[in-house]
Amino acid sequence: MIIVPTEKRFDWNRPPFILLLLVFVNFFVFFAYQSGDDEKVENAFRIYFDNQYFDAEWPLYLEYLKEKKEERLLKEVKGLYEDEFYDWAAYGMLIDNEFFDYLKEHEEQIYSDYDKRVAWYEGRYEVNKYIDGLSTQLGLFPNHITIPTLFTHQFLHGGLMHLLGNMIFLIMCGFAVEAAIGHLRFLAFYLVCGVAAGLSHAVIDLESSTPLIGASGAISGIMAIYVAIFRLKKIEFFYWFYVFVGYVRLPSLMVLPFYIAKELLSFWFDKESNVAFMAHAGGFVTGGILIFASYLINKNIFDEEYIEEDQDVDPYQNSLNTIYTSIAKFQFKRSLNEIDAAIKEFGSRFELMQLKFNLLRINNNEKALVIPLISYKHVNQHELEFQENLWNQYPDLRSQIPTDQLANTGMRFANKGHMEIAEEILDALKSNNSASDEIAVLAKRLSVLFAEQEQSIKSKHYEELANQLGFSNGKVG
């Protein structure tokens, strides 16, 4: 379940300097610092596996986990080993500095031969050098908490999608919070929430050697502050709960129990997830405590003018909100009427037509919308994929698409890299005995695109077809 506020828009009279700085730092750290991690891991694994250190150390690693009574981790790594995910098992061994200390205490069990032990020491220290240089070493290790890592873990991310997801949520809530409470207070609260999130995660398992990284705990705190700032004021939220999506207006504080319950339930029942749910909950609770405590100390902490300022609601967005609300209540007939009213007011937008198509499909009355949707010109990537699905699901309707619209659709698919569909459309144009001009233009475009992909046979084939239809003689252009 996702619930995010959409009430406020950027107000450049109150520029979010700290928010932009935080976003920049997170991206800079990821691309300038963390980008070298893959090469370091590759070098470490090359030495580790080429010299068969993994095979030599594996039995001791199992004994080490048994002695520490790490039953959950022991079961997990055994599963990785049985499934032949040796890299993942080895990574856990290499980032655990206590395990290396354990190895040194039991070195004779690794290699009884002195010369082999010396060679192992040299190789293992080389491996450790690469591992110690990884950005995750600045993550928060529950079994070894330090003051620096309470802060540094907040600026590290496990991948580009992890980073983008966090930054999107930070931006959606952060600019309004910064405008409402001020720049320095926003920065201080962000960092404190991140620290509290890290500690909340660590206290659940103080023996864990798996590092926590990510800004989501701090961002959860900012979300709580957003909720607290608007208190009982009804604001607009976007929600996504499985198949139910839409916008709803409700008192801001009502989100608090939903969010906390979601994170706690996920923590208790989604044991296999690598998401730090308690970090989210800890950051969220800390954000709420911070803002309420600050308000008790200073009643003028908020920029009330900004909070109470009503912003223009996009009429189209408001119309969508009404439609989604009806759908969520299973009032499908009412939803169809609202969609028709929106189409009349705002035009046949793809989003509205797609919503109507999905509702009509419940009663198998959707076919009338297939051709308009397939032929729709200005679409994004997601909508183009929807058009592709329609093309594949309704082959009997292809012949009913007007020639000019079909040719334009083929060009659209070709230009977006959906070459197979574009070729099918070209074949459909040929089988329909369509005007040669449309076929020639599409064939020429396919020839150029296949040439760019270095598919010379197909490129030559479509070049010849275009020439046969008069493209090279200037009859079409």
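The set of residues in segment 312-329 that are part of a helix (DSSP H, G or I) and either charged (D, E, K, R) or open to solvent by 30 Å² or more (accessible area, probe 1.4 Å) (or both) comprises Pro315, Gln317, Asn318, Thr322, Tyr324, Thr325, Ile327, Ala328.
Checked against (1) closer than 18 Å to Ile222 by Cα; (2) open to solvent by less than 40 Å² (accessible area, probe 1.4 Å); (3) at pLDDT 75 or above, Ala293 passes all but condition (2). Counting just the residues of segment 32-56 that are surrounded by fewer than 12 Cβ atoms within 10 Å (Cβ to Cβ) and among the polar types (S, T, N, Q), which one comes out farthest from Leu206 (Cα to Cα)? It comes out as Gln52. Taking the condition surrounded by 17 or more Cβ atoms within 10 Å (Cβ to Cβ), among the polar types (S, T, N, Q), without any contact (Cβ under 8 Å) to a residue 40 or more places away in the chain and farther than 20 Å from Leu406 by Cα, does Ser459 pass? Yes, satisfied. Considering each of Lys69, Lys8 in turn, give the residue that is over 30 Å from Ile171 (Cβ atoms), modelled with pLDDT under 90, out of contact with any Leu (no Cβ under 7 Å at 6 or more places or on another chain) and assigned to a loop (DSSP other than H, G, I, E, B). Result: Lys69 is the single residue among Lys69, Lys8 that is over 30 Å from Ile171 (Cβ atoms), modelled with pLDDT under 90, out of contact with any Leu (no Cβ under 7 Å at 6 or more places or on another chain) and assigned to a loop (DSSP other than H, G, I, E, B).
Going through (1) in contact (Cβ under 8 Å) with a residue 24 or more places away in the chain; (2) surrounded by 20 or more Cβ atoms within 10 Å (Cβ to Cβ); (3) in contact with a helix residue (DSSP H, G or I) (Cβ under 6 Å, 6 or more places away or on another chain) one by one, Ser447 falls short only on (1). In segment 57-80, what residues are among the aromatic types (Phe, Trp, Tyr) and surrounded by fewer than 17 Cβ atoms within 10 Å (Cβ to Cβ)? Trp58 - this is the single residue of segment 57-80 that is among the aromatic types (Phe, Trp, Tyr) and surrounded by fewer than 17 Cβ atoms within 10 Å (Cβ to Cβ). Pairs are defined by a Cβ separation below 6 Å, a sequence spacing of at least 6 or placement on different chains, a first member in segment 18-32 that is within 10 Å of Gly174 (Cα to Cα), and a second member that is among the aromatic types (Phe, Trp, Tyr); the pairs so defined are Ile18/Phe186; Leu19/Phe175.
You will find that of Asn380, Asn473, Asn433, the residue that is polar (S, T, N, Q), at pLDDT below 90 and under 30 Å from Gly347 (Cα atoms) is Asn380 and no other. I need a count of the residues in segment 139-160 that are free of Cβ contacts under 8 Å to residues at least 24 places away in the same chain, under 27 Å from Phe17 (Cβ atoms) and of a type outside the set (S, T, N, Q). Counting residues in segment 139-160 that are free of Cβ contacts under 8 Å to residues at least 24 places away in the same chain, under 27 Å from Phe17 (Cβ atoms) and of a type outside the set (S, T, N, Q) gives 2.
Scanning segment 48-60 for any residue that is among the small types (Gly, Ala, Ser), closer than 27 Å to Thr152 by Cα and touching a residue at least 60 places away in the same chain (Cβ under 8 Å) turns up nothing. Filtered by the rule that a residue be touching a residue at least 24 places away in the same chain (Cβ under 8 Å) and either open to solvent by 30 Å² or more (accessible area, probe 1.4 Å) or under 31 Å from the mean Cα position of the chain (by Cα) (or both), segment 90-113 gives Ala90, Tyr91, Gly92, Met93, Leu94, Ile95, Asp96, Asn97, Glu98, His106, Gln109, Tyr111.
Check segment 206-213 and report whether any residue there is of a type outside the set (Phe, Trp, Tyr), over 13 Å from Gly139 (Cα atoms) and at pLDDT below 90. There is at least one residue in segment 206-213 that is of a type outside the set (Phe, Trp, Tyr), over 13 Å from Gly139 (Cα atoms) and at pLDDT below 90. Scan segment 335-342 and tell me whether some residue there is free of Cβ contacts under 8 Å to residues at least 12 places away in the same chain and open to solvent by less than 40 Å² (accessible area, probe 1.4 Å). No, because not a single residue in segment 335-342 is free of Cβ contacts under 8 Å to residues at least 12 places away in the same chain and open to solvent by less than 40 Å² (accessible area, probe 1.4 Å).
The values are calculated or read from the model by the stated rules, or taken from the named source; none is laboratory data. On a predicted model such as this, the values are computed, not experimentally measured, just so you know. Note that we place each Cβ from the backbone using ideal geometry, even for glycine, and neighbour counts take in every protein chain shown. Heads up: the accessible areas ignore ligands, DNA and RNA and are worked out on the full protein's heavy atoms, side chains in. Shrake-Rupley method; radii C 1.70, N 1.55, O 1.52, S 1.80 Å.
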